[in-house]
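The values are calculated or read from the model by the stated rules, or taken from the named source; none is laboratory data. Since we're looking at a predicted model, the values are computed, not measured. Cβ coordinates were reconstructed from backbone atoms using ideal geometry, including for glycine residues, and neighbour counts include every protein chain displayed. Remember, those area values only see protein heavy atoms, side chains included, never the ligands or the DNA or RNA. Shrake-Rupley method; radii C 1.70, N 1.55, O 1.52, S 1.80 Å.
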Amino acid sequence: MASSAKRRAVGLGENPGERDHSSDEESEESAGSGEDESEDSEEEIHEEVMVDFEAHSITHSDFSGIKKLLQQLFLKAHVNTADLTDLVIQQAHIGSVIRQAEVPEDSDDEDPDQVFGFISMINLTERKGVQCVEEVKDLLLDQCQRSSSAADSEELEKLLSDQNRSVGLLLSERFINVPPQIALPLHKQLQEEMAEAQRTNKPSGRCHFCLMISKTCKETSKNNSRGDKDQILFVNAEEEFFYEEASLKFHYSVEGETDSCLSGRWSFDDVPMKPFRTVMVIPSERLPVIMDKLREHLTL
């Protein structure tokens, strides 16, 4: 039985029956389907319908859905997404999952409780020594050394090793056809849960910095003379507001890894794009500013 909803968000999204086209394996299967189905499939994919989503407390039944979304983020990186999912579930007092609000009884959906997205915060400082947490930290440090300046690498290493200033890994993942408007109630709920956890001395209640890994892309055109910031496009559009307030930021390419959300098939305004991950460190005192921007731009 699904847990009671903590928050509801309503948005305009693609038909939920088409949501699994964000999956690598199913995308490959659809590419091999017969031409007699292609026209109907394309027509359905571009159809937009109103869909209600609800935010629910995270439970053990959400394991496979959360893990799939984490795999979408980390791709082939050496991060144990199963163990990371366990951490998310263990601290169920922080975070939410997104499900479709109402699934008709005659629906073809085999999993009415499917996870469309989730949000959570894992305190990397508090979880020091946990293998999957150390794998995330090693990934970020390695990519920063490869993709950014020595000063950025030194700052990130100091930040992740400082036991007096905790760093929270903000995980906010969803299927690409879930609208960004749902991010506002999810982030608001998360901030309230973090404040309550801090008040009651529960784990992960206090984070001095918020660290995010965002799915982004850049134009592949060699003739593009614009600045780096102008080239970046965020898959989760609201995460650009976090980027603007970040004190440390860098990008690394995942072009050599399978990425269903951003691959060679994708383009914006007919411009080919390459997939990246954008890492951001945001001081906690800047979060209220970000929340104000989310309210301004995402309020329905």
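Observations on the structure shown:
- Some residue of the range 239-246 being open to solvent by 50 Å² or more (accessible area, probe 1.4 Å) and modelled with pLDDT under 95: no
- Scanning the range 72-106 for residues being within 15 Å of the chain's Cα centre (by Cα) and either surrounded by fewer than 19 Cβ atoms within 10 Å (Cβ to Cβ) or outside any helix (DSSP H, G or I) (or both) gives a total of 5.
- Selected residue [modelled with pLDDT of 95 or more, more than 14 Å from the chain's Cα centre (by Cα) and either surrounded by 14 or more Cβ atoms within 10 Å (Cβ to Cβ) or of a type outside the set (Lys, Arg) (or both)] from 225, 149, 172, 221: 149
- Condition met for residue 189 (closer than 22 Å to residue 95 by Cα, of a type outside the set (A, V, I, L, M, F, W, C) and touching a Gly at 6+ places or on another chain (Cβ under 8 Å)): no
- Of all residue pairs spaced 6 or more apart or on separate chains, none has beta-carbon atoms under 6 Å together with a first member in the range 279-300 that is within 12 Å of residue 170 (Cα to Cα) and assigned to a loop (DSSP other than H, G, I, E, B) and a second member that is open to solvent by less than 20 Å² (accessible area, probe 1.4 Å) and not β-branched (Val, Ile, Thr).
- Output for the range 129-152, where each listed residue is touching a Lys or Arg at 6+ places or on another chain (Cβ under 9 Å) and either assigned to a loop (DSSP other than H, G, I, E, B) or more than 21 Å from residue 90 (Cβ to Cβ) (or both): 143, 148, 152
- Cβ pairs under 6 Å, 6+ apart, first in the range 232-250 and under 25 Å from residue 154 (Cα atoms), second assigned to a loop (DSSP other than H, G, I, E, B): 250/148
Quick grid of which residues meet (1) of a type in the set (Ser, Thr, Tyr); (2) assigned to a helix (DSSP H, G or I); (3) buried (at least 19 other Cβ atoms within 10 Å of the Cβ):
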{"site": "176", "(1), (2), (3)": "no, no, no"}
{"site": "183", "(1), (2), (3)": "no, yes, yes"}
{"site": "190", "(1), (2), (3)": "no, yes, yes"}
{"site": "193", "(1), (2), (3)": "no, yes, yes"}
{"site": "198", "(1), (2), (3)": "no, yes, no"}
{"site": "202", "(1), (2), (3)": "no, no, no"}
{"site": "205", "(1), (2), (3)": "no, no, yes"}
{"site": "210", "(1), (2), (3)": "no, no, yes"}
{"site": "216", "(1), (2), (3)": "yes, no, yes"}
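- Close pairs from the range 136-158: first touching a residue at least 12 places away in the same chain (Cβ under 8 Å), partner among the polar types (S, T, N, Q), Cβ under 8 Å, at least 6 apart: 141/153; 144/153; 147/253; 153/145
- The single condition among (1) out of contact with any helix residue (DSSP H, G or I) (no Cβ under 9 Å at 6 or more places or on another chain); (2) surrounded by 14 or more Cβ atoms within 10 Å (Cβ to Cβ); (3) closer than 20 Å to residue 206 by Cβ that residue 163 does not meet is (2).
- Of all residues making up the range 128-175, the number that are touching a strand residue (DSSP E or B) at 6+ places or on another chain (Cβ under 8 Å) and either on the phi > 0 side of the Ramachandran plot or of a type in the set (Val, Ile, Thr) (or both): 3
- Look at (1) under 22 Å from residue 185 (Cα atoms); (2) in contact with a Ser or Thr (Cβ under 9 Å, 6 or more places away or on another chain) and you find that residue 98 fails only one, number (2).
- For the range 119-135, a residue qualifies if it is more than 12 Å from residue 161 (Cα to Cα) and touching a residue at least 60 places away in the same chain (Cβ under 8 Å), and the qualifying residues are 119, 120, 121, 122, 123.
- Among residues of the range 178-206, those that are within 23 Å of residue 239 (Cβ to Cβ), free of Cβ contacts under 8 Å to residues at least 12 places away in the same chain and of a type in the set (D, E, K, R), counted: 1
- Test: residue in the range 253-264 that is at pLDDT below 95, of a type in the set (Val, Ile, Thr) and in contact with a helix residue (DSSP H, G or I) (Cβ under 7 Å, 6 or more places away or on another chain): yes
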